[in-house]
1. What's the number of the only condition in (1) over 18 Å from the mean Cα position of the chain (by Cα); (2) part of a strand (DSSP E or B) that residue 347 fails to meet?
2. Need at least 2 residues that are among the β-branched types (Val, Ile, Thr) per element, so show me which strands (runs of 3 or more DSSP E) inside segment 216-258 make the cut, counting only ones lying wholly within it.
3. Pick out the one residue from 623, 650 that is of a type outside the set (Phe, Trp, Tyr), surrounded by 15 or more Cβ atoms within 10 Å (Cβ to Cβ) and more than 28 Å from the chain's Cα centre (by Cα).
4. With respect to residue 194, is the statement that it is farther than 26 Å from residue 308 by Cβ, crowded, with 24+ Cβ neighbours inside 10 Å and not acidic (Asp, Glu) true?
5. Within segment 517-575, track down each residue that is of a type in the set (Ser, Thr, Tyr) and within 21 Å of residue 447 (Cβ to Cβ).
6. What do you reckon, is residue 502 aliphatic (A, V, I, L, M) and in a loop (DSSP other than H, G, I, E, B)?
7. Take the residues in segment 417-460 that are surrounded by fewer than 23 Cβ atoms within 10 Å (Cβ to Cβ) and of a type in the set (S, T, N, Q); name whichever of them is nearest to residue 575 (Cα to Cα).
8. Name every residue in segment 219-256 that is basic (Lys, Arg) and in contact with a helix residue (DSSP H, G or I) (Cβ under 8 Å, 6 or more places away or on another chain), in order of residue number.
Amino acid sequence: MCPTASSTTKPPSLVEELKAKAAAATTATTAAEQAKKEREYEHLTSVNVVKQAPITHRLQADLASHYSPHVQDLQEYQKMYKQSLEDPATFFGGKAKQFLNWFKDFDQVYIPDPQTGLPSFENNAWFLNGQLNACYNCVDRHALSNPNKVALIYEADEPGQGYKVTYKELLEQVSQLAQVLKYSMGVQKGDTVAVYMPMIPQTIVTLLAITRIGAVHSVVFAGFSSNSLRDRINNADSKVVITTDESSRGSKIIETKRIVDDALRETPNVKHVLVYKRTKNPKVHFEPNRDLDWTTEMMKYKTYYPCEPVDSEHPLFLLYTSGSTGTPKGLQHSTAGYLLGCLLTMRYTFDTHQADVFFTAGDVGWITGHSYVVYGPLLYGCTSVIFEGTPTYPNHSRYWDIIDEYNVTQFYVAPTALRLLKRAGNSHLENNSLKSLRCLGSVGEPIAAEVWEWYSEQVGKNEIPVIDTYWQTESGSHLVTPLAGGCTPMKPGSASFPFFGIETVILDPNTGEEIKDDHAEGVLAVKRAWPSFARTIWQNHDRYLDTYLNPFKGYYFTGDGAARDKDGYIWILGRVDDVVNVSGHRLSTAEIEAAIIEDNTVAECAVVGFNDDLTGQAVAAFVVLKNKSCWANASEEELVEIKKHLVLTVRKDIGPFAAPKLIILVDDLPKTRSGKIMRRILRKILAGEADQLGDVTTLSNPDIVRHLIDSVKL
């Protein structure tokens, strides 16, 4: 029956919206645009000369003193990859027994899909009936075997103020804090604990102490606003918050405790706040009967406290990530599967050995910090560098000074930082040897070929591999990546091949069918579950299904477009949903729009991403004010103030990293006759492709296009 004008139309579901966005993002709108896309794709994937480091360890004369690479060559990778797909029970079961310590051994590796026998997304559970503890695997076993080995190297914001923590010292501090949590603050097994802390050793101690007693940590990046912190505390139902009085980054003081205090005005369930005095500012407010001093509480307890065994599928942590609907998603990771994912990628992606010093220049507030500052390095028993500062303070040599001072072997950083350093020239590299390095990693966003080349030539001296890793908060560990053992021939700009157990496919976004051609472009998906995949969205499993598993039945929908070339190399092409990747941080355009629209001067707003030389992508907001005549007749100075006010609104509501780079005041937004904003048109105008807008006859207000083009030019 055809709908009539009077019939009500059911609004599209989240699944339908995601599929439509994926199709729209990967479908050309004009013949000219299609031709341009084909030319770009041919150029992108036509790299015939692959890059390969001649040896894994830089000096041939030193090879005898180093361990051999864990994966010797491409053929060994292919053999292991094949086994991980054909016999995942043997592959992952064997690795779990080899590399993790268990209080009770598991008796089943995974729940098989009844039709395929493969790991199932719908019943994704691994290492069933086993029991272990994350903290024991990260700390105790290394403290027992090598107590004086350095676990953490703390490089403070100000050079020369850092220190080292051995595995023995780490065990003692974690044990004391575990007792503070349990006995001073009443935290029980399964409770969530909110963490709002900078990059200092106490943050790592906090995470490990929480897992030691079987509680669940929920780290909130210490750049989020009080409103964002409030929402995450309430959603996770955290009754305890751990923070610092202040923090220091790039010589700037950040008032972390004040932000927590502001958030707690609307978090009725929080009973206690534990405060580590990072700057020891006596003016920082302490709330009687709620706030506890870290040092005072730690001194009450003994330096050893046993671990709490937990089931393999026991929640390890929640980590909130931006969603296309604007509401942050609290992704829940399990214990055993996540730990194994971190450990295997440490071993094989980075070719890590226990004598290595691993430096991830990322924040624990994001998944990179969770997996490769905390869990990965400590699980492996090597040394992890914790860097509190920025790459340019006090000068552009800060990273290189750290690498030389501590003999760093693996360096893992976001392309945003590399672009910043590349822009500054090469003089900041002249006084550093960097001879200890064996691996250069890239994380958070695709790395452009020219940045890859600079990284390889200027930092790696064309002697060591550049590892361009593709993964997500949802995946827990790497999905697509070269291996640092020298076995992966690399193409600059490509993430190369899938990691063990990851069966990637390219889907047609319109039909959901796999594209098996040599040259494929579409939506990137994964065909089967793997151990470190997030199990659910906290208290909202339906949203988990609708976001990741229902858009393309039988697959995990990554939300990214991708291409696969004739050699099987995978090229990440960017998001196909309403998420912007700024400096490696995934930001929801809907969340930014909601923050702007809360301002009582704003009638409508549309936020989109656009290319930026430094941050990869940046945020642009097209804003319609309620009083259009107000800004139409405003002076240049008044317009600047209006835009500043809206930027500050976003900074306050979400955080500085989400602030729009462009605020564009317009009369109206491009809308279909049903009232839907056509953000595609806004993206193309920003990209300088106003002559390739395609069919605009579906717009209810086609005349607005010229106004939008003129507004962007201004």
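The values are calculated or read from the model by the stated rules, or taken from the named source; none is laboratory data. Since this is a predicted model, take the numbers as computed values, not measurements. Backbone-built Cβ (ideal geometry, glycine too); neighbour counts: all protein chains shown.
1. (2)
2. Passing ranges, in order: 216-219, 240-244, 252-254.
3. Values: 650 fails: more than 28 Å from the chain's Cα centre (by Cα).
Matching residue, one of 623, 650: 623.
4. no
5. Within segment 517-575, 558, 569 qualify.
6. Considered against the rule, which asks whether it is aliphatic (A, V, I, L, M) and in a loop (DSSP other than H, G, I, E, B), residue 502 comes out as yes.
7. Only one residue fits best here, namely 456.
8. Answer for segment 219-256, where residues must be basic (Lys, Arg) and in contact with a helix residue (DSSP H, G or I) (Cβ under 8 Å, 6 or more places away or on another chain): just 230.
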